[in-house]
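The values are calculated or read from the model by the stated rules, or taken from the named source; none is laboratory data. Treat the numbers as computed from the prediction; the structure is a model and nothing was measured. All Cβ positions, glycine included, derive from the backbone under ideal geometry; neighbour counts span all protein chains shown.
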Amino acid sequence: MLTPAHSGKLPSGDFAYNPNTARFIDKMVRKHGFDRQQLYNLLAQTKRLDSVQRQMEQQALMPATQVQAGPNGFWLCYRNKFIIADNV
């Protein structure tokens, strides 16, 4: 749920005052019509996960020929646990 802009609390997420976040918000507002304040409120609450950062860095270091096309191990693990006949 979004925190109202007038809540009085300063945003404390890792991306609250990031210039890249501001550029991303500008692009999403301009190209796709997102509400600027709602998008900022949402992104300003997010936290950086070191595990995700490491995976992104590892992926960037891989030669393009090694980048896996299609589902990766995380999706396959999730699918095998939760995408079953009873859940569908």
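So that you can scan it fast, the table gives a plain yes or no per residue for (1) at pLDDT below 80; (2) among the hydrophobic types (A, V, I, L, M, F, W, C):
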| residue | (1), (2) |
| --- | --- |
| VAL29 | no, yes |
| LEU39 | no, yes |
| LYS47 | no, no |
| GLN59 | yes, no |
| PRO71 | yes, no |
| TRP75 | yes, yes |
| ARG79 | yes, no |
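For LEU10, indicate whether it is aliphatic (A, V, I, L, M), under 14 Å from the mean Cα position of the chain (by Cα) and modelled with pLDDT under 95.
Numbers: aliphatic (A, V, I, L, M): yes; under 14 Å from the mean Cα position of the chain (by Cα): no; modelled with pLDDT under 95: yes.
Here the answer is no, as LEU10 does not meet what is asked.
Those residues that are among the β-branched types (Val, Ile, Thr) and either crowded, with 17+ Cβ neighbours inside 10 Å or under 11 Å from the mean Cα position of the chain (by Cα) (or both), I need them from region 29-49; list them, please. Full working, then the answer.
To start, the set of residues in region 29-49 that are among the β-branched types (Val, Ile, Thr) comprises 29, 46.
Selection gives THR46 alone.
Filtering region 14-23 for residues that are among the aliphatic types (A, V, I, L, M) and modelled with pLDDT of 90 or more leaves a non-empty set.
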